[in-house]
Structure formats: C-alpha cells, structure tokens
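First the structure, in the form of structure tokens, and then the observations on it.
The values are calculated or read from the model by the stated rules, or taken from the named source; none is laboratory data. Everything quoted here is computed from the prediction, not taken from an experiment. Heads up, the Cβs are rebuilt from the backbone with ideal geometry, glycines too, and the neighbour counts pull from every protein chain shown. Heads up: the accessible areas ignore ligands, DNA and RNA and are worked out on the full protein's heavy atoms, side chains in. Shrake-Rupley method; radii C 1.70, N 1.55, O 1.52, S 1.80 Å.
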Amino acid sequence: MKETKAKKSTYLRNFIIAVALSAAILAAGALWVLLGWRSALDITLTDLAGDPAALRGFTMRGQSYFDTAHTYWDLHDGYLDTSFALDPDESDDRYRYSAWGASHSTFYAVTPETRDEVNAAAKRVQVYNDNWQMQSTASHFRVMAEISMGSDLLRVALRDVVLDAPISVSANAEVSTYLNSFSVSYDYTADFSDEVEDTNTDYRYIAGQIFSLGDGQGLAWRYTVADRKAGLYKATPISYDDIAALPADGKVGDRDVLCATTEFGTLEPFYCPENARQVVCGLPMDDGLTLCVYLDPLNKACADLVNAAGEQVDHVDLGIEGDNGDFSVTALPRTTDRDAVLKVDYGSTLVALRVQDGKFILNKSLSIEGNIDLNSVDLYMRNAEDAVLNTAGDALLIATPEYTTVGDANAENSYNIYQTGTLLLVYPLDGSAPRYRGRLDNGADRDWGGQLNKYYLSWSARHYMNYELYEKDRERQL
C-alpha cells in the first residue's frame, strides 16, 4: 500500500513539474516572441555627428507602423520615449498622423437657362449593350467644382463660359445601381472639356490642407475665379444623405434629376487679402488667430495674422519670391500652435514663424541649394516631412525619411520599398553649420525586422514612419 502511495505521489510530482516546465517554456517562448517583435519594431536614436545636446529644446512626435503593429515615439530635449501597440484602436490613430486634404473635381454642366432647349433636342442613343445615353449639343456652360471634405461634400460654381459653336453633351439615360442618384453623369455635361476648360484655374483652385476655422473648417482658395476672390473661406459641406434628399430640379428626357449646376453646402469668405495673387495656405494659430500665406502681385510671399472677425492684425514679408506659376506651401506637423514651419515645395526652402501676443515675433527663412548626396543639407530640406522650432527659436529640427533600395543601385530595377528610419538634422536659423545629425531607426533592418524585410515583395514587410499632428490641426478630422 505504501509503495502504491509513493508511486502516485511520484507521478503527481512529476506531472506538476512537467506542467510547470511546460508553462515556463511557453512563457519564455512568449517573452522571446514579444521581445523579438519589440526589437524589430522599437525606435532607437543613433547619433551620427555633432553634439547631441543640440536636441535640447526640441519636441517631435510620431509613430512607426509595420502591418498592424505600431510604435509611438516622443523625442523631447534629447530623450526618446517609445511605447508599443500590436493592434491599436483605429479611432485613436486614424487621423492623428496624416495631414487632411480636400479632394476636388471639376465638370462642365449645361446652364439652367438653356437646359430645357438642350433636353428638347436630345436623342436616346445606345452606347453599349446595357448602356443608353441622352445626347445633345450646347454652347452655354457653367463650370462646377465638387469638393470632398471627409465624409461630406460641397458643390459650388466657378464661372460661366459661352462657346462660339455648340459641342456635344450627354447624360445617362437610366439610373445605374452602382452610382448615386445625384451623380454628375445623370445631367447634361460636356463630353470633351478641351473647348471649355481653363487649365490655369479649373483644377488648382484649392491650396494646402483643410484647417480649423472657428467652429468649422477652412479652405485656402488659391485664385480669384469669377466673383470669388482668392482668400481663406469657411466651408460647410453636407452629408451624402442630405444631398440625396434634395429635390429634383431638372429633366433628362422624361426623368427628373438633380441638376449638375445645383450648389449645396456653403463657402463663405473669411479673409481675402486685397493684394493677393495666390493664397496658398491657412493655419490656426495661438490666441484664436489664423495664419494666411499668399503671393502679392509682385510675386512676393507674405503672411498675415487674422483675428476671429476676419481682420488683419499683423503682416510680414517672408522674404521669398514666387514665379508666375503655382506657388505651393505645406504646413509641416508641429507640437504647439504658436509656431508654424512652412515648406515651400518648389525648392529647398523652409520658413519658420512664431506668434506671441497677437504678433509675429519670429520670421526666418532657410534656403539651401546644393548637390544632393547622402550627407548634403539640401537632401534633408528638400525631402523634409517634418520640421519644428526649438524653444529658443534659433534652430530647426528637420526630419527626412530614409528608405532601403531594392535592386541594383541607380538601375532601372531599383526602387524604394520600405522605410528604415528617419534622418534628423539640427540646423541653425542663421544659416551656420548644422549642429547635429542623427537617425531614428525603426527596426526594419534589426533582428527580426531584418529577416522579415528579406521578403520585400510582401506588403506586410514594409515599414512606415510619420509625425503626429498638433491637436488643433486634427480636431476637425475625427
């Protein structure tokens, strides 16, 4: 009996030991996997040249993502903090790390005054086996703009044009199930736009990103088109459901339609500088002010501060000249609304602005042109995706993506496939030599990351990094 009990005790002890060992092995394996993933995805800072103390006074934030795994990083005063999320909440990440733009399209619709005549002359024509059109001709057109802002839409008229001779117009004869009933194709529009369009104004009338303006959204309207002046506008689009509920106000054949010339949503002028040839950027600033960047008639770049009533309270000449073509400016991500760093896209130029007590207290431009190589300042500035001012206001921390090239260098089969990190440069605003060079490494070439990226044709093997927007610059996107 004692022998039987001893055997049972031994079996039980061995079983417990085996279970404990298995649990320990599983825990160690899980820890190994977790540490492997963290090593492959964590952000590290490597000093390349200069004094790391030059990073003091700067704050820059962003994330690196690899498929559904995200690493958040915060570089402040030379210290780098990171956190890791395998599958973050989409609502938290969806718009925090990307500048929000407005997509827009232009079309050429028959004017309301002539549509009955055009419709009366139209013929029903079979185009394909299952597609019929109403075809006619017209010479009076209204140029319309549709602006998509998130999940809402805005439609406004740009200008009217009368042609010397009629051109062909057409509309869908039936409502297709895959199109919305208010689609432009359901009303008479020009089949070929060459005779109607003005390429200088019809496609580039919006500049920069959508920005917060009071309790709504702002748009920078680039050119003066017809009676709408170049300037900053408050935009109020409406939902697709509200558009679908609008009453029909025209006919195509015998079918009631919503006319392509029908406007919806509102676009109200907020600030239109009297001497603006092009308005290229708007941005909310400290103390409820708004920044407006524009070219004057002499192609000099200017910036105005505007109060909530749409009145100019300060003005500076940015010391940059444009040309007779488009002048493009992008507001880079920032960590405070007292600062704005603007990238002038036609060259390697960055403009740093700081606002205090309703006035500009800093206005500096950096423009460096040189040979583009791996160590040139020009490379950092030309490809910069972020740049922030330090607390002292005497230098910029410039961030430029670094990619791994697959295939033979400088050959036709070479291309950038994934981002390995971000190059950092601390550059004084007085134009003196850079104080620091560094690199944020996202792990793409480290440990597991290096193994994963051997399979470069796989989408999941691609790493990306981007930069967190200041809350005021993203609050209207959520």
Distance in nm between pseudo-label sites at HIS104 and ASP394 (7 Å out along the Cβ direction from Cα): 4.3 nm
7 Å from Cα along Cα→Cβ at both ASP191 and GLU174: what's the point-to-point distance in nm? 2.1 nm
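Net charge within 13 Å of LEU153 by Cβ-Cβ distance, Lys/Arg positive one each and Asp/Glu negative one each, not counting LEU153 itself?
Charge balance near LEU153 sits at -4.
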The simple spin-label model distance between THR266 and THR114, using points 7 Å out along Cα→Cβ, in nm, is 3.2 nm
Largest-first principal axis extents, alpha carbons of the range 130-207, Å: 39, 39, 15
What are the ³J(HN,Hα) values, in whole Hz, obtained from phi via the Karplus relation 6.51 cos²θ - 1.76 cosθ + 1.60 with θ = phi - 60°, for each residue of the range 307-322 in sequence order, with x given for Gly and Pro? 7, 5, 8, x, 10, 5, 10, 7, 8, 9, 8, 6, x, 10, 10, x
For ALA121 and GLU471, what is the calculated FRET efficiency with R₀ set at 56 Å and r taken between the beta-carbons, to the nearest 0.05? 0.50
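Excluding LYS300 itself, calculate the net charge of residues whose Cβ lies under 9 Å from the Cβ of LYS300, where each Lys or Arg counts +1 and each Asp or Glu counts -1.
Overall, the nearby charge balance is -3.
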Largest first, what is the accessible-area ranking of TRP132, TRP73 with a 1.4 Å probe? TRP132, TRP73
So if we plug the beta-carbon distance of LEU298 and ASP345 into 1/(1 + (r/R0)^6) with R0 = 22 Å, what FRET efficiency do we get, rounded to 0.05? 0.60
Computed from the beta carbon distance with a Förster radius of 56 Å, FRET efficiency for ASP130 and ASP326 to the nearest 0.05 stands at 0.85
In Hz, Karplus ³J(HN,Hα) per residue of the range 349-357 (6.51, -1.76, 1.60; θ = phi - 60°; x = Gly, Pro): 10, 10, 10, 10, 10, 9, 10, 8, 6
What is the pair-distance distribution P(r) of the range 116-165, computed from all Cα-Cα distances in 5 Å bins starting at 0, with each bin given as a whole percent? 5, 15, 13, 15, 16, 18, 14, 3
Under the rule of at least 5 residues apart or a separate chain, name every residue whose amide H is placed under 5 Å from the amide H of THR420. GLU402, TYR403, THR404
Considering all alpha-carbon pairs of the range 208-290, what whole percent are spaced by more than 19 angstrom? 51 percent
Strictly over 19 Å apart at the Cα level, which of LYS343/LYS364; LYS229/LYS359; LYS234/LYS300 would you flag in this model? LYS229/LYS359; LYS234/LYS300
Net charge over other residues, Cβ less than 15 angstrom from the Cβ of GLU263 (K, R count +1; D, E count -1): -4
Sort 115-125, 53-63 for me by packing, meaning the mean count of neighbouring Cβ atoms within 10 Å per residue, highest on top. 53-63, 115-125
Expressed in square angstrom to the nearest 10, the accessible area of THR82 with a 1.4 Å probe stands at 50 Å²
